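Where a number appears in this text, it was derived from the coordinates with a stated rule and is not lab data. Everything numeric here is computed off the predicted structure, so don't read it as measured data. Here Cβ is always computed from backbone atoms with ideal geometry, including for glycine, and neighbour counts include all displayed protein chains.
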Amino acid sequence: MTSEEMKKLEYNKKTVYESKDPEAIDAAYAYAEGYTRFLDSSKTEREAVISAVKLAEAEGFTEWKLGDPIVKGGKYYLNNRGKNLFLFSVGTESPAEGIRISAAHIDSPRLDLKQVPLYEESGLCYLKTHYYGGIRKYQWLALPLALHGRVVRADGEKVDVVIGEAEDDPVFYITDLLPHLGAKDNAKPLGDAVPAEKLNLLTGSRPAGENDGVKLNILRILNEKYGISEEDFLSAELSAVPAGRARDCGLDRSMIASYGHDDRVCAYPALTALFESAGGPHTLICILADKEEVGSDGNTGMQCELMLDIIDEISKAAGCSPAAVRSASLCLSADVSAAFDPNFAEAFEKRNTAILSSGVVLTKYTGSRGKSGTNDASAEYIGRLRKIMAEDSVVWQAGELGRVDYGGGGTVAKFISKHNIETVDLGVPVLSMHAPCEVISKVDLYEAHRAFSAFNRY
Ligand code: MN
Ligand code: MN
């Protein structure tokens, strides 16, 4: 038996199931249904922007462009090139009191088509890919894959493509070697077994005619269906992602298995918390960023200065100094962390790793090799957040990404904190992160919503 003194002084992590009553658990499971619908309609950043705009407009947010007027109580969104979304609601108090910023990302690891992707070999037609983000390449073989994206034709017409998601749609596929002939491959290190140039999508096998090959037939089909020719691939962004929908995982339906939890599992609760808290005292910004998985570069990534432009405009409209507003602002960099995996226990240090179903995870520092490249939030800021979370009894845990010197990772946190904004990482623990199908817990997802919501209100 633990003594009363020990109970009082010792820190013990509790799961959401231990901390909440059954009604609260039911609420979490009900909340997860909306998230599952969001996942299914948002497999790429472009689709996630469309889904988020739909939700935001239903909540009274209106499209806003740089230079447009901003009024107290206004609810706006800025759609940055269809791949990155900024939503903001102006509070009743001055933004000089500090803006509450939640920043998640909506891009996920996948296989992008190359610019000249189509080729025929030995009676089979393929599309060549260049992988996007950190993947374990062997995981992408022998799976049904769907193609999502946009083609801009020579005539300037934009054609949106989704192939492989409807029940009767065809899918794409990357072949793997049969085990009977795998002895040599089996001896290779896992990381070398599948070179990137083998990630070619099987796309066809029926020749166009007696003298014409498979490639012509594929080009004909593309031309009939989308009005495109081979050259149009040059101005296209097409991505292969796992085909199919998000599913409940486990007999108890306590988890969700899906592609792209990283980082929709933070983007969605950041959105719903914004909707819930808009109209309160604080000015709120919710950022859905692109390009996080490849370093946050480019004009749709978090390193673009658009966030500063928006803070400038909000500040100017309220007659305050943008620098003072930034300095008083707080940010939750909303990204996932690795959940402890008993199957791969050796890669984690259990005391300091997020445990599935133990709530939202606050990550003080990321980085690798001695915290290199980390934002490392201050004790003072985390102390402030502890109080905020306590106000709403949010179940949260501390967690870092795996054992020291085993690897590591980064988020958008450092690209926000460098603008003199208090920032820390907060998100949902994920099993099999970056795999074609990842797993999260429904109760952690709901605690994320509750955490962002408390952050926006207090
Ligand atoms: Mn992420
Ligand atoms: Mn990631």
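Does region 237-293 come out rounded, prolate or oblate by the C-alpha gyration tensor, with a ≥ b ≥ c the root eigenvalues, rounded set by a/c under 1.5 and, if not, prolate when a/b is larger than b/c and oblate if not? Oblate, because a/c is 1.5 or more while a/b does not exceed b/c. Against the longest alpha carbon principal axis of the chain, how many degrees, from 0 to 90 and to the nearest 10, is the axis of helix 214-226 turned? Result, in degrees: 50. Positive-end ranking of 199, 428, 404 along the dipole of the chain, with charges on Cβ about the Cα centre, is headed by 404. If one puts a single equal scatterer on every Cα of the chain and applies the Debye formula without solvent, what log₁₀ I(q)/I(0) results at q = 0.08, 0.11, 0.13 Å⁻¹? Result of the Debye calculation: -0.50, -0.90, -1.20. Shown here for region 1-89: GluC sites (Glu not before Pro) in loop regions (DSSP other than H, G, I, E, B) with at most 11 other Cβ atoms within 10 Å, namely 10.
Subtracting the Cα-Cα distance of residue 230 and residue 393 from 0.36 nm times their residue separation leaves 53.0 nm of extension gain.
Only the Cβ atoms of Lys and Arg (+1) and of Asp and Glu (-1) were treated as charged; on that basis the dipole of region 333-458 about its Cα centre amounts to roughly 260 debye.
Taking 0.36 nm per residue of separation and subtracting the current Cα-Cα distance, fully stretching the chain between residue 208 and residue 11 would add 64.0 nm. For region 266-339, the set of GluC sites (Glu not before Pro) satisfying both a DSSP loop assignment and a count of at most 13 other C-beta atoms within 10 Å is given as 305. Between amide H atoms placed 1.01 Å from N, distances below 5 Å from residue 334 occur with 103, 104, 426, all of them 5 or more places distant or on a separate chain. Placing +1 on the Cβ of every Lys and Arg and -1 on the Cβ of every Asp and Glu, with no other charges, gives region 232-307 a dipole of roughly 340 debye about its Cα centre.
Where Lys and Arg each count +1 and Asp and Glu each count -1, what net charge lies around residue 359 among other residues with Cβ under 10 Å from its Cβ? Spell out each step's value before the answer.
Numbers: positive: 13, 14, 20, 450; negative: 444, 447.
Spelling it out: positives minus negatives among the neighbours equals +2.
Checking every one of the chymotrypsin sites (Phe, Trp or Tyr not before Pro) in region 346-444 against DSSP loop status and a limit of 11 other Cβ atoms within 10 Å picks out no site at all. The stretch between residue 245 and residue 63, if pulled fully straight at 0.36 nm per residue, gains 62.6 nm over its current Cα-Cα span.
When the Kirkwood hydrodynamic radius is evaluated over all pairs of different C-alpha atoms of region 323-422, what value in angstrom, to one decimal, is obtained? Could you put the intermediate results ahead of the total?
Working: mean 1/r = 0.0690 Å⁻¹.
Over region 323-422, the inverse of the mean reciprocal pair distance is 14.5 Å.
Rounded to the nearest 0.05, the FRET efficiency derived from the C-beta distance between residue 384 and residue 41 at R0 = 25 Å is 0.10.
From the P(r) of region 222-354, can you give the percent of Cα pairs sitting at distances over 24 Å?
Numbers: 4922 of 8778 pairs.
Result for the distance tail: 56 percent.
Let me have the relative contact order for the chain, percent, based on Cα pairs under 8 Å that are six or more residues apart. Could the numbers behind the result be given before it?
Numbers: 986 pairs, mean separation 101.3, N = 458.
Computed value for the chain: 22 percent relative contact order.
Across region 98-103, coupling constants 3J(HN,Hα) worked out from phi with the 6.51/-1.76/1.60 Karplus curve, θ = phi - 60°, read x, 8, 9, 10, 10, 10 Hz, and Gly and Pro carry x.
Which FRET efficiency value, to the nearest 0.05, do you get for residue 97 and residue 155 by plugging their Cβ-Cβ distance into 1/(1 + (r/R0)^6) with R0 = 60 Å?
Values: r = 51 Å, r/R0 = 0.85.
Computed FRET efficiency for residue 97 and residue 155: 0.75.
Take the Kirkwood radius over Cα pairs of region 130-261, plug it into Stokes-Einstein at 37 °C and 0.692 mPa s, and you get 189 µm²/s for translational diffusion. Each Lys and Arg Cβ is given +1 and each Asp and Glu Cβ -1; about its Cα centre, the chain then shows a dipole of about 760 debye. For region 382-440 and region 96-152, compute the distance between their C-alpha centroids and round to whole Å. Taking the Cα centre of region 96-152 as reference, the centre of region 382-440 is 24 Å away. Where does helix 22-40 land angle-wise versus the long Cα axis of the chain, in degrees 0 to 90, nearest 10? Here the helix axis deviates by roughly 40 degrees.
Short to long, the 10 Å bins of the Cα pair-distance histogram for region 17-107 hold 14, 35, 30, 19, 2 percent of all pairs.
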